[in-house]
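First the structure, which I've put down as structure tokens, then a few questions once you've had a look.
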Amino acid sequence: QLQLVESGGGLVQAGGSLRLSCAASGRTFSRYSLGWFRQAPGKERESVAALSWFGSSTYYADSVKGRFTVSRDNAKNTLYLQMNSLKPEDTAVYYCAAASRVITTLQAQFDYWGQGTQVTVSS
């Protein structure tokens with residue numbers, strides 16, 4: 001089992017920044033590709049960003065390109081999501097997830113999920 005715990009969420013004004021972290025334990029972290037997802041009230045969960053095993057490949061949803069940066073520190077077993085220029089429409093619960101694949105954005109292909117952290121962006 002791989003356990004994932006998100007942190008770093010909170011309330012921020014539009015235009016501000018937050019950095020989310022996802023701490024992993026239980027298995028070899030570097031053998032998993034990772035992803036960030038979010039779910040806004042009344043909406044389906046969507047992929048935000050994805051990162052391959054050693055961080056050489058990344059994916060970003062169009063809505064966050066140029067504003068969000070995903071990274072990983074395999075030595076610290078931690079995944080990050082730096083979020084800049086936040087907008088009210090970024091308000092959601094953010095989840096990290098791990099997949100036994102090189103890289104993927106398909107939710108069904110992720111094996112482990114965190115509990116989520118709330119991000120609220122005020123206008």
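L4 is checked against (1) closer than 17 Å to Y112 by Cα; (2) of a type in the set (A, V, I, L, M, F, W, C); (3) open to solvent by 30 Å² or more (accessible area, probe 1.4 Å) and fails just one. What number does that condition carry?
(3)
Does R101 fit the bill of being part of a loop (DSSP other than H, G, I, E, B) and free of Cβ contacts under 8 Å to residues at least 40 places away in the same chain?
No; evaluated as a whole, the condition is false for this residue.
Hey, among the residues in region 72-91 that are more than 11 Å from A23 (Cβ to Cβ), assigned to a strand (DSSP E or B) and not hydrophobic (A, V, I, L, M, F, W, C), which one's least open to solvent (accessible area, probe 1.4 Å)?
For region 72-91, the residue satisfying everything is R72.
Taking the stated definitions as given, is V64 closer than 21 Å to L4 by Cα and not aromatic (F, W, Y)?
Answer is no for this residue.
Next question, about the same structure. Contact list please: Cβ distance under 7 Å, first residue in region 108-123 and farther than 16 Å from S85 by Cβ, second residue assigned to a loop (DSSP other than H, G, I, E, B) and among the hydrophobic types (A, V, I, L, M, F, W, C), pairs at least six apart or on different chains.
Every condition considered, the pairs that remain are Y112/L2.
Within region 112-123, work out how many residues are open to solvent by 60 Å² or more (accessible area, probe 1.4 Å), at pLDDT 95 or above and not in a strand (DSSP E or B).
Summing the residues that are open to solvent by 60 Å² or more (accessible area, probe 1.4 Å), at pLDDT 95 or above and not in a strand (DSSP E or B) in region 112-123 gives 1.
Rundown of residues vs (1) open to solvent by 20 Å² or more (accessible area, probe 1.4 Å); (2) more than 11 Å from S71 (Cα to Cα), yes/no style:
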| position | (1), (2) |
| --- | --- |
| G10 | yes, yes |
| S17 | yes, yes |
| L20 | no, no |
| A24 | no, yes |
| S30 | yes, yes |
| L34 | no, no |
| F37 | no, yes |
| K43 | yes, yes |
| V48 | no, yes |
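Let's see how each residue does on (1) farther than 18 Å from K76 by Cβ; (2) of a type outside the set (S, T, N, Q):
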| site | (1), (2) |
| --- | --- |
| L2 | no, yes |
| V5 | no, yes |
| A24 | no, yes |
| R31 | no, yes |
| L34 | no, yes |
| Q39 | yes, no |
| V48 | yes, yes |
| S57 | yes, no |
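With respect to Q1, determine if the residue is closer than 15 Å to D90 by Cβ and of a type outside the set (S, T, Y).
Considered against the rule, which asks whether it is closer than 15 Å to D90 by Cβ and of a type outside the set (S, T, Y), Q1 comes out as no.
The values are calculated or read from the model by the stated rules, or taken from the named source; none is laboratory data. Everything numeric in this text was worked out from a predicted model, so none of it was measured. We place every Cβ from the backbone using ideal geometry, glycine too, and count neighbours over all the protein chains shown. For the accessible areas, the whole protein counts, side chains as well, though only heavy atoms, and no ligand, DNA or RNA atoms are used. Shrake-Rupley method; radii C 1.70, N 1.55, O 1.52, S 1.80 Å.
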